Amino acid sequence: MSAVQVIMATSFDERHPPESILDGRDSTFWVSTGLYPQELLVQFDAPASIRRVKLTSTGIRRIIIEGCEGSSPVNFEKLTEQDLTDRSGRLQNETISLTSARSLRFLKLIISSGWSDFCSIHKLSVEA
């Protein structure tokens, strides 16, 4: 799998930066600081074939996942949309399958609604 980085987030808290979603630990996380929707944009250094997105989070009610195959993050296509179960503040561990494997340079997570005023993402990974 190619290297990955968060290049944009609609909320920023210096104690919980967006890059925390990629460090593989449940103890660090990105947290929203405002209203919904919230977005995170992830870039791969080379096209990555993605079939599933694994997400550890709290407070997310509905998430939309979009992808972009181009070299610039401009033309996104909706890949899936999913409702997550309310876990009353406990971690939501979800594996979200895409309809088919896609070779992507960018992955956009859109949190369209939450179970409370704030949400967090603790871990994000993708599978071929």
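The values are calculated or read from the model by the stated rules, or taken from the named source; none is laboratory data. Given the structure is predicted, the values throughout are model-derived calculations rather than measurements. When we count neighbours, we look across all protein chains shown, and the Cβ atoms used for this are built from the backbone with ideal geometry, even at glycine. Side chains included, ligands, DNA and RNA excluded: accessible areas come from the protein's heavy atoms. Shrake-Rupley method; radii C 1.70, N 1.55, O 1.52, S 1.80 Å.
With respect to the conditions (1) more than 12 Å from the chain's Cα centre (by Cα); (2) in contact (Cβ under 8 Å) with a residue 60 or more places away in the chain; (3) open to solvent by less than 50 Å² (accessible area, probe 1.4 Å), TRP30 lacks only one, and its number is (1). With respect to SER49, determine if the residue is polar (S, T, N, Q) and either within 15 Å of GLU94 (Cβ to Cβ) or modelled with pLDDT of 95 or more (or both). Against the criterion (polar (S, T, N, Q) and either within 15 Å of GLU94 (Cβ to Cβ) or modelled with pLDDT of 95 or more (or both)), SER49 does not qualify.
When you go through ILE7, ILE50, ILE21 one by one, which is the residue that is under 23 Å from THR99 (Cα atoms) and outside any loop (DSSP other than H, G, I, E, B)?
Exactly one of ILE7, ILE50, ILE21 is under 23 Å from THR99 (Cα atoms) and outside any loop (DSSP other than H, G, I, E, B), namely ILE50.
Selection over the range 69-117 of residues that are in a loop (DSSP other than H, G, I, E, B), touching a strand residue (DSSP E or B) at 6+ places or on another chain (Cβ under 8 Å) and either of a type outside the set (S, T, N, Q) or open to solvent by less than 70 Å² (accessible area, probe 1.4 Å) (or both) gives a count of 12. Yes or no: SER57 in contact with an Asp or Glu (Cβ under 9 Å, 6 or more places away or on another chain), of a type in the set (Ser, Thr, Tyr), in a strand (DSSP E or B) and open to solvent by 20 Å² or more (accessible area, probe 1.4 Å)? Criteria not met by SER57.
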